[in-house]
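Trainee: Please find one structure pasted underneath; my questions will follow.
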Amino acid sequence: MLSSLNIRHMRVFVAVAEQGSFSAAAAALGLGSPAITATIRQFEDVTGAALFDRTTRHVSLTVTGERFLPIARRLLGDFEEALGDLDALSRGIGGKIRIAAAPSVLTRILPGVIRHFVAAHPDARLRLDEMNAGEVHEAVANGAVDFGIAGEWQDLPDIAFSPLFSDRFGVLCRADHEFAGQSEIAWSDLIDQPFVGLGPESGTRAMMADQGFGGITSTTPTTSTTSTTPAILPTMPVSASVAKAAALGIGAAQAVMDSAAWAERAMAEAAKSGASAAKSAAKPGADTAINAAADLVAGLRPVVETSNTITLAAMVAEGVGITVLPELAARIATGVSDQTADAKLTFVPLCKPTRHRPIGVITRHSKSLSPIARIFLAMVMDQAPKLDLPAAIEWG
């Protein structure tokens, strides 16, 4: 049975393949030739496949053996890495840390911290994965990473969000655009401007409508309640985790689903009746300024959508339209570190209202971090605020 195979068979198979003979493999592994021969024979008997072609002077891999060799090497590598992690973790000095983060965090926040970390902990290894906010939350929730650093996507079950920093939303435009010379731009100034933006899978897009307009609410039309729900983009994404949680009857997730569904209905009505219909859809007594702000966010419908901020910046540079981004993301996407006169693109903060993108550490309530991951995270919290960044950042 296949279950009778173990790591010893993998070691012997790889050694024979690399050494080209049973005797050389025996010498490399410190075993006798009969033991090597018996192990390979058992391997072939159990799998029912010939792994080597044998002659009196040489051993070579069969086609099946050639296909299996990289798999065996990977299995051995994973096994050795797991043993190394276990040993390092038991002594609290090393191990592998898996982190998922937003692009701006990976390129400008973590490198400086990692430089200090690896110098202090040379036995530790890090795996960094670039993901959007929704993907970061999913990766943390399913255990694919130890922790994440990204925007606050949704309040999912078992997910904790600890604020790290925030940066201000603003307009990214060409240096020759009418906005470029201004110190601030009101959100209302964006009306009728050609607009390019991130797709619905982006956490930044959700934050523009939800967290980005924290405190701005639009009353849900109803005949029996007086509750309010956040103003949301008409195409606000709902992650797979939220949908699954809602299906299980989790109230917070169902509220997100209900809010998204209402936003879709409200914007469909607004499209038919104009801006006045969007205001009249609110319950009597709702603040008209609040409704106007909600309508404005919903009206930012991009002519081009993309999942990549660098592509977005390229669209802006070509004059396809302007876009709205948090400042750090805008600086990273364009490579613009300051407001130089010859820069092709420029970033202008948005006001009325002024809103920020919160970035934080995403972990699971039910799973503790390994000792080495806790050490690294503590270093992130300590070192990151000391970094020289190309944007106005508010820490904490």
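The values are calculated or read from the model by the stated rules, or taken from the named source; none is laboratory data. These numbers were taken from a predicted model, which means no experiment stands behind them. Reconstructed Cβ throughout: ideal geometry from the backbone, glycine too, with neighbour counts over all protein chains shown. Each accessible area value is taken on the protein alone, full model and side chains, heavy atoms only, with ligands, DNA and RNA left out. Shrake-Rupley method; radii C 1.70, N 1.55, O 1.52, S 1.80 Å.
Trainee: In the list PRO358, PRO390, which residue meets the criterion of being buried (at least 16 other Cβ atoms within 10 Å of the Cβ) and assigned to a loop (DSSP other than H, G, I, E, B)?
Mentor: PRO390
Trainee: Is it true that some residue in the stretch 369-378 is more than 24 Å from ILE97 (Cα to Cα) and open to solvent by 40 Å² or more (accessible area, probe 1.4 Å)?
Mentor: Checking the stretch 369-378: not a single residue is more than 24 Å from ILE97 (Cα to Cα) and open to solvent by 40 Å² or more (accessible area, probe 1.4 Å).
Trainee: Tell me, which residue of the stretch 103-119 that is open to solvent by 50 Å² or more (accessible area, probe 1.4 Å) and without any contact (Cβ under 8 Å) to a residue 40 or more places away in the chain is farthest from ALA329 (Cα to Cα)?
Mentor: Filtering first and then ranking leaves ALA119.
Trainee: Which one is nearest to VAL16 (Cα to Cα), of the residues in the stretch 50-69 that are in a loop (DSSP other than H, G, I, E, B) and modelled with pLDDT of 90 or more?
Mentor: LEU51
Trainee: Hey, another quick one. Just give me the residues in the stretch 147-176 being open to solvent by less than 20 Å² (accessible area, probe 1.4 Å) and out of contact with any strand residue (DSSP E or B) (no Cβ under 7 Å at 6 or more places or on another chain), in sequence order.
Mentor: TRP153, GLN154, LEU156
Trainee: Consider VAL320 carefully, then state whether it is at pLDDT 90 or above, within 20 Å of HIS177 (Cα to Cα) and in a loop (DSSP other than H, G, I, E, B).
Mentor: yes
Trainee: Could I ask something else about it? Quick one: what pairs do we get from the stretch 303-330, first residue within 13 Å of LEU345 (Cα to Cα) and free of Cβ contacts under 8 Å to residues at least 24 places away in the same chain, second open to solvent by 30 Å² or more (accessible area, probe 1.4 Å) and part of a helix (DSSP H, G or I), C-beta under 9 Å, 6+ apart or different chains?
Mentor: ILE310/PRO103; ILE310/ILE332; ILE310/THR334
Trainee: Does at least one position in the stretch 50-60 carry a residue that is touching a residue at least 24 places away in the same chain (Cβ under 8 Å), over 30 Å from ALA373 (Cα atoms), loosely packed, with under 15 Cβ neighbours inside 10 Å and over 43 Å from the mean Cα position of the chain (by Cα)?
Mentor: Checking the stretch 50-60: at least one residue is touching a residue at least 24 places away in the same chain (Cβ under 8 Å), over 30 Å from ALA373 (Cα atoms), loosely packed, with under 15 Cβ neighbours inside 10 Å and over 43 Å from the mean Cα position of the chain (by Cα).
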